[in-house]
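Engineer: Provided herewith is a single structure, encoded as structure tokens, for subsequent inquiry.
The values are calculated or read from the model by the stated rules, or taken from the named source; none is laboratory data. Since this is a predicted model, take the numbers as computed values, not measurements. Using ideal geometry, Cβ is built from the backbone for each residue, glycine included, and neighbour counts are taken over all protein chains shown. Areas reflect the complete protein model, heavy atoms only, side chains present, ligands, DNA and RNA absent. Shrake-Rupley method; radii C 1.70, N 1.55, O 1.52, S 1.80 Å.
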Amino acid sequence: MTEEIKKGLAGVVVDTTAVSKVVQETNSLTYRGYPVQELAAKCSSEEVSYLIWNGELPTAAQLEEFTARERAQRTIDDKLVQLILDLPKDCHPMHVVQTAVAYLGAVDPDADVEGVEANLAKAERLYAQLPTIVAIDHRRRHGLDPIAPTKDLGYAANFFKMVFDEVPTEEVVRCFDISMILYAEHSFNASTFTSRVITSTTSDLYSAVAGGIGALKGPLHGGANEAVMAMLEEVGSADKASAWIDDALANKAKIMGFGHRVYKNGDSRVPTMRKAFENMVAAKGATDLLDLYNAFEEDFVERKGIYPNLDYPSGPAYHLMGFDTDQFTPIFVMARITGWTAHIMEQQADNALIRPLSAYDGHEQREVPEDRG
Ligand SMILES: CC(=O)SCCNC(=O)CCNC(=O)[C@H](O)C(C)(C)COP(=O)(O)OP(=O)(O)OC[C@H]1O[C@@H](n2cnc3c(N)ncnc32)[C@H](O)[C@@H]1OP(=O)(O)O
Ligand SMILES: O=C([O-])CC(=O)C(=O)O
């Protein structure tokens, strides 16, 4: 029998989803039917998370209840704080986030309770606590004590306060919030699919999220926002972009922040995030970085016809917000927790074990030799 191999599952439709729709032909993305650009223009990231989980935008009363629940759950227990503080300072922050999620699963007596109600409660708790986890990890690496979350600030502003002990201008907070909206969900990407595979075995939500974190870490996926910044720093300035690209292409390197499995003519989210990045450039007076960003993009697109993905503008935007490069992907986790958990609930509601086939190309069957030398 000759099987057709779909390497990387490219082009394979494996299930249905009502969470979001990515349309390659029109470069469009909708969450529960709403265009992501409109959500970014008109909503807070909290409203968008509510939408992704519940299928509808919240009313004012629903939003008030949801944000009150979120704010009330931000504090993490002292044992988890200590666990984070005890991890090696030079480990990747994604390992810290993954360890913290595994811990939260270990101490949740309802970890294995299935169903939307139980899983939504866990999803909301993770959403509320991930910023606290990321902030503590940032501060310990700088030799600083944790800063407790405050109930008086919104999701994004509270995160800045916990990381930097100050809240930047409203404009900077809004740029960050927009990145949270754009990163929240993207159909069957590698990390969401990983979470769905784990859920399909009837494993628990924490295990599925921890698996998603592992998949997101890789530079071909979420890790690209860190790799973009490292690359731009290595290039140095706009006038060096062309020669750097020459070298990279001669070495057959993948250029980080460009290309996408689904979008071949540009990522639906890039124009919105690019605008947010430009706002950050204006706020920080970082025109050199914008010049480099533009020169690099123009040169690479002209040569290869491969367009930037969301990680290209978000990496330098986070840099200008003051975050360390190796915290960019944990910040992505803070946003994507919403999408992952919505998919976990969707998978659980109509489950089939995900188990594809493979074509064998190893040794012919053979006998184990008696004499093995
Ligand atoms: C939030 C996110 O996860 S968005 C994705 C973030 N990842 C990155 O930015 C990493 C860089 N990009 C890539 O590696 C790829 O574009 C991926 C992994 C995102 C998508 O890959 P695929 O859909 O498998 O595309 P594929 O690898 O088949 O690319 C098709 C061709 O374009 C080339 N190509 C695609 N992206 C790039 C790139 N960034 N740099 C150089 N060449 C590229 C490939 O080498 C390939 O060329 P070939 O046909 O001569 O072999
Ligand atoms: O959809 C993908 O393959 C990757 C991506 O852009 C995302 O997860 O946001």
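Engineer: Going by the conditions given, is Gly212 out of contact with any Ser or Thr (no Cβ under 7 Å at 6 or more places or on another chain) and either within 16 Å of ligand 1 (Cβ to nearest atom) or under 23 Å from Leu320 (Cα atoms) (or both)? Walk me through it before giving the result.
Structural biologist: On the way: out of contact with any Ser or Thr (no Cβ under 7 Å at 6 or more places or on another chain): no; either within 16 Å of ligand 1 (Cβ to nearest atom) or under 23 Å from Leu320 (Cα atoms) (or both): yes.
Considered against the rule, which asks whether it is out of contact with any Ser or Thr (no Cβ under 7 Å at 6 or more places or on another chain) and either within 16 Å of ligand 1 (Cβ to nearest atom) or under 23 Å from Leu320 (Cα atoms) (or both), Gly212 comes out as no.
Engineer: Sort out which residues of region 158-170 are under 14 Å from Gly322 (Cβ atoms), assigned to a helix (DSSP H, G or I) and out of contact with any Leu (no Cβ under 7 Å at 6 or more places or on another chain), and write them in order of number.
Structural biologist: Here is the first cut: in region 158-170, the ones under 14 Å from Gly322 (Cβ atoms) are 159-169.
Going one step further and asking which of them are assigned to a helix (DSSP H, G or I), we end up with 159-164.
Once the filter is applied, which keeps residues that are under 14 Å from Gly322 (Cβ atoms), assigned to a helix (DSSP H, G or I) and out of contact with any Leu (no Cβ under 7 Å at 6 or more places or on another chain), region 158-170 yields Phe159, Phe160, Met162, Val163, Phe164.
Engineer: In region 245-255, which residue that is in a helix (DSSP H, G or I) and touching a residue at least 40 places away in the same chain (Cβ under 8 Å) is least open to solvent (accessible area, probe 1.4 Å)? Give the derivation first.
Structural biologist: Filtering region 245-255 down to residues in a helix (DSSP H, G or I) leaves 245-250.
With touching a residue at least 40 places away in the same chain (Cβ under 8 Å) added as a condition, the list becomes 245, 249.
On the way: Ile245: 0, Leu249: 48 Å².
The selected residue is Ile245.
Engineer: Now for a different question. Between a first residue in region 155-168 that is of a type in the set (Asp, Glu) and a second residue that is part of a loop (DSSP other than H, G, I, E, B), which pairs have beta carbons less than 6 Å apart while being 6 or more apart in sequence or on different chains?
Structural biologist: Asp165/Ile147
Engineer: Say whether the condition of being among the basic types (Lys, Arg), in contact with a strand residue (DSSP E or B) (Cβ under 7 Å, 6 or more places away or on another chain), within 16 Å of ligand 2 (Cβ to nearest atom) and closer than 27 Å to Thr30 by Cβ is met by at least one residue in region 255-264. Write out each step before concluding.
Structural biologist: Going residue by residue through region 255-264, those that are among the basic types (Lys, Arg) are 261, 264.
Next cut, in contact with a strand residue (DSSP E or B) (Cβ under 7 Å, 6 or more places away or on another chain) only: none.
Looking through region 255-264, none of the residues is among the basic types (Lys, Arg), in contact with a strand residue (DSSP E or B) (Cβ under 7 Å, 6 or more places away or on another chain), within 16 Å of ligand 2 (Cβ to nearest atom) and closer than 27 Å to Thr30 by Cβ.
Engineer: Does region 154-198 hold any residues that are of a type in the set (Asp, Glu) and open to solvent by 20 Å² or more (accessible area, probe 1.4 Å), and which are they?
Structural biologist: Within region 154-198, the first condition is being of a type in the set (Asp, Glu), and the residues that meet it are 165-166, 170-171, 177, 185.
Hits for region 154-198 are Asp165, Glu166, Glu170, Glu171.
Engineer: With the condition kept exactly as written, say whether any residue in region 187-194 is in contact (Cβ under 8 Å) with a residue 24 or more places away in the chain, under 27 Å from Ser28 (Cβ atoms), in contact with a strand residue (DSSP E or B) (Cβ under 7 Å, 6 or more places away or on another chain) and within 16 Å of ligand 2 (Cβ to nearest atom).
Structural biologist: yes
Engineer: Which pairs turn up if I take residues in region 256-282 that are modelled with pLDDT of 95 or more and look for partners that are in a helix (DSSP H, G or I) and open to solvent by 60 Å² or more (accessible area, probe 1.4 Å) with beta carbon separation below 7 Å, at least 6 apart in sequence or on another chain?
Structural biologist: Final answer for the pair search is Thr272/Gln37; Asn279/Glu171; Val281/Thr287.
Engineer: Consider Leu232 against the criteria (1) within 15 Å of ligand 1 (Cβ to nearest atom); (2) assigned to a loop (DSSP other than H, G, I, E, B); (3) closer than 20 Å to Ala276 by Cα: it satisfies all of them except one. Which criterion is unmet?
Structural biologist: All conditions are met except number (2).
Engineer: Just to be sure, is Glu367 out of contact with any strand residue (DSSP E or B) (no Cβ under 7 Å at 6 or more places or on another chain), acidic (Asp, Glu) and in a helix (DSSP H, G or I)?
Structural biologist: Values: out of contact with any strand residue (DSSP E or B) (no Cβ under 7 Å at 6 or more places or on another chain): yes; acidic (Asp, Glu): yes; in a helix (DSSP H, G or I): no.
Answer is no for this residue.
Engineer: Report every pair of residues separated by at least 6 positions or lying on different chains whose Cβ atoms are under 7 Å apart, first residue within region 6-20 and touching a residue at least 24 places away in the same chain (Cβ under 8 Å) and farther than 20 Å from Met345 by Cβ, second part of a loop (DSSP other than H, G, I, E, B) and within 13 Å of ligand 2 (Cβ to nearest atom).
Structural biologist: Ala10/Arg261
Engineer: Hey, another quick one. Have a look at Ile84, Ile133, Ile147, Ile52 and point out the one that is part of a loop (DSSP other than H, G, I, E, B), at pLDDT 95 or above and open to solvent by less than 40 Å² (accessible area, probe 1.4 Å).
Structural biologist: On the way: Ile84 fails: part of a loop (DSSP other than H, G, I, E, B); Ile133 fails: part of a loop (DSSP other than H, G, I, E, B); Ile52 fails: part of a loop (DSSP other than H, G, I, E, B).
Matching residue, one of Ile84, Ile133, Ile147, Ile52: Ile147.
Engineer: Under 6 Å between Cβ atoms, at least 6 apart or on separate chains: pull out the pairs that start in region 215-238 with a residue that is over 14 Å from Pro93 (Cβ atoms) and end on any residue that is within 16 Å of ligand 2 (Cβ to nearest atom) and not in a helix (DSSP H, G or I).
Structural biologist: Short answer, once both residue conditions are applied: Ala224/Met256; Ala224/Gly257; Ala227/Pro219; Ala227/Met256; Val228/Met256; Val228/Gly257; Met231/Met256.
Engineer: Within region 281-359, which helices (runs of 4 or more DSSP H) (wholly inside it) include 2 or more residues that are charged (D, E, K, R)? Give the steps one after another, and end with the answer.
Structural biologist: Working: elements: 287-304, 311-321, 328-349.
Once the helices (runs of 4 or more DSSP H) in region 281-359 are filtered for at least 2 residues that are charged (D, E, K, R), what remains is 287-304, 328-349.
Engineer: Pull up region 260-280, narrow it to residues that are crowded, with 18+ Cβ neighbours inside 10 Å and not in a helix (DSSP H, G or I), then point me to the one that is nearest to ligand 1 (Cβ to nearest atom).
Structural biologist: First, pick out the residues of region 260-280 that are crowded, with 18+ Cβ neighbours inside 10 Å: 260, 262-263, 267-270, 272-274, 276-277, 280.
Narrowing further to those that are not in a helix (DSSP H, G or I): 260, 262-263, 267-269.
Values: His260: 5, Val262: 8, Tyr263: 9, Asp267: 7, Ser268: 12, Arg269: 9 Å.
Ranking the qualifying residues of region 260-280, first place goes to His260.
Engineer: Out of all the residues in region 315-337, which are within 12 Å of ligand 2 (Cβ to nearest atom) and closer than 30 Å to Gly115 by Cβ? So that I can check it myself, show each step before the final result.
Structural biologist: Kept after step one, since they are within 12 Å of ligand 2 (Cβ to nearest atom), are these residues of region 315-337: 329, 332-333, 335-336.
Passing the criteria: Phe332, Val333, Ala335, Arg336.
Engineer: Let me ask something additional. Working only within region 302-330, note down all residues that are open to solvent by 30 Å² or more (accessible area, probe 1.4 Å) and β-branched (Val, Ile, Thr). First the steps, then the outcome.
Structural biologist: Going residue by residue through region 302-330, those that are open to solvent by 30 Å² or more (accessible area, probe 1.4 Å) are 302-307, 319, 322, 324-326.
Ile306, Thr325, listed by residue number.
Engineer: Among (1) closer than 21 Å to Phe160 by Cα; (2) of a type outside the set (D, E, K, R); (3) touching a residue at least 24 places away in the same chain (Cβ under 8 Å), there is one condition Trp53 misses while meeting the rest; what is its number?
Structural biologist: (1)
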